[in-house]
Amino acid sequence: MIDALAQVLEVKRSDFGAFERPTLAPITTIPDDTRATEISDGSAQCMTAAIFGRPTRATGFESERSTDISLDHVAFIATSPQVTNAINASPRIQRLVKAKASEAEIVDELFLAALSRVPRPAERTKLVDYLTQRKSSLAAVQDVMWAVLNSDGFVVNE
């Protein structure tokens, strides 16, 4: 999930919390450009990864990892300052607003980036109307991105 959020928002993985190796002296961190899925060191710890079910890797069994969605997952995406800050700093959102993209183009890009699909007609209409009423302001585009990230399609599938 950390990698998916970073990719959709075009931010660094470390914006969602650093992976640290507390067992090494001095404490070391994993480089920012390393994807969370590439970190094989079981001693590397990250609060965000723990929320999303990263196992301690005490065994080699796949059953050690849980893929079930929990309230913690939903609450993290909906309320965490890391996600809010990443949305606010998102180069993707900044680029769309700066380019003065049309409301439909904004909605399409956000859906394609987060959900790998274009919005359904009802979704497009609702979100285009929202952006139009708010003159496609930066805050309005950030609101739409937040809504897309909190949709079942992203939370359940990513």
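Readers should treat all values here as calculations from the given coordinates under stated rules, not as data from a laboratory. The model shown is predicted, which means the values in this text are computed figures rather than measured ones. Here Cβ is always computed from backbone atoms with ideal geometry, including for glycine, and neighbour counts include all displayed protein chains.
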Requested in this report: Answer yes if at least one residue in the stretch 117-134 is farther than 23 Å from residue 85 by Cα and under 17 Å from the mean Cα position of the chain (by Cα), and no otherwise.
Outcome: yes
Report summary line: Counting only residues in the stretch 85-116 that are touching a residue at least 24 places away in the same chain (Cβ under 8 Å) and among the basic types (Lys, Arg), the one farthest from residue 152 (Cα to Cα) is identified as 100
